[in-house]
Amino acid sequence: MFNRLFFILLSLILLVSLTAIYYHAESAKKDNAIKALLHERDNAWMTMESMKKQHQQLAVLDSQHMQELNDANRQIAALERAVHTGQRRLQFAARCEKLPHTAASARLDDVAGARLDDTAVHAYFRLRNGIEIVTQQIKGLQDYITQVCLAQ
């Protein structure tokens, strides 16, 4: 009877020990899984914060360059209006070949200077506006690269 009781007691102790080891191992697995999830969550949060910061920096750069572009567009429009109303003149460098002076050729000393036609003037201002847009885009990209991308 003593052997039988001893065997039952030993079996119960062994069963409880194995159960405790099993649940301890499961608990350790769950702890590791929780730690991994917390680590992933923290990484995701840091990534989101970094993206939020980059977005704010990009918004500041964008508003700065859009303001500069708007200012340039206003200046170009004002200059175009001034040329159109005659307050200013659009000057350009031009050379005319001298014609041989013959008795039959008329003198043109009193002729007004060369002038661009209205289509050419409009095309000039369109090109100038396009150049300003591209310049601001390049400046914006350079600022984005130096202040956002390389700052990381």
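The values are calculated or read from the model by the stated rules, or taken from the named source; none is laboratory data. As the structure is a computational prediction, the values presented were derived from the model and not from experiment. In this analysis, Cβ positions are derived from the backbone assuming ideal geometry, glycine residues included, and neighbour counts consider all displayed protein chains. When the accessible area is computed, the model is the full protein with side chains, heavy atoms only, and any ligands, DNA or RNA have been set aside. Shrake-Rupley method; radii C 1.70, N 1.55, O 1.52, S 1.80 Å.
Need the failing condition index for His65 against (1) exposed (fewer than 11 other Cβ atoms within 10 Å of the Cβ); (2) touching a residue at least 60 places away in the same chain (Cβ under 8 Å), just the number.
So His65 meets the others, but not (1).
Do the conditions hold for Val60, that is, is it in a helix (DSSP H, G or I), among the aliphatic types (A, V, I, L, M), modelled with pLDDT under 90 and surrounded by 10 or more Cβ atoms within 10 Å (Cβ to Cβ)?
It is false that Val60 is in a helix (DSSP H, G or I), among the aliphatic types (A, V, I, L, M), modelled with pLDDT under 90 and surrounded by 10 or more Cβ atoms within 10 Å (Cβ to Cβ).
Can you tell me how many residues within segment 119-142 are small (Gly, Ala, Ser), within 21 Å of Val83 (Cα to Cα) and touching a helix residue (DSSP H, G or I) at 6+ places or on another chain (Cβ under 7 Å)?
Residues that pass the stated criteria total 0.
Would you pick out the residues in segment 19-54 that are of a type in the set (A, V, I, L, M) and open to solvent by 100 Å² or more (accessible area, probe 1.4 Å)?
Ile21, Leu37, Met46, Met48, Met51, listed by residue number.
Any residue at all in segment 9-26 that is hydroxyl-bearing (Ser, Thr, Tyr), out of contact with any Asp or Glu (no Cβ under 7 Å at 6 or more places or on another chain) and under 30 Å from Ile131 (Cα atoms)?
Let us first name the residues in segment 9-26 that are hydroxyl-bearing (Ser, Thr, Tyr), namely 11, 17, 19, 22-23.
Those still in the list that are out of contact with any Asp or Glu (no Cβ under 7 Å at 6 or more places or on another chain) too: 11, 17, 19, 22-23.
If we keep only those that are under 30 Å from Ile131 (Cα atoms) too, we end up with none.
Looking through segment 9-26, none of the residues is hydroxyl-bearing (Ser, Thr, Tyr), out of contact with any Asp or Glu (no Cβ under 7 Å at 6 or more places or on another chain) and under 30 Å from Ile131 (Cα atoms).
If you go through segment 24-62, how many residues are in contact with a helix residue (DSSP H, G or I) (Cβ under 8 Å, 6 or more places away or on another chain) and not polar (S, T, N, Q)? Steps first, please.
Our first condition is that a residue be in contact with a helix residue (DSSP H, G or I) (Cβ under 8 Å, 6 or more places away or on another chain); within segment 24-62, this holds for 54, 57-58, 61-62.
Still in the running and not polar (S, T, N, Q): 58, 61-62.
Matching residues across segment 24-62 total 3.
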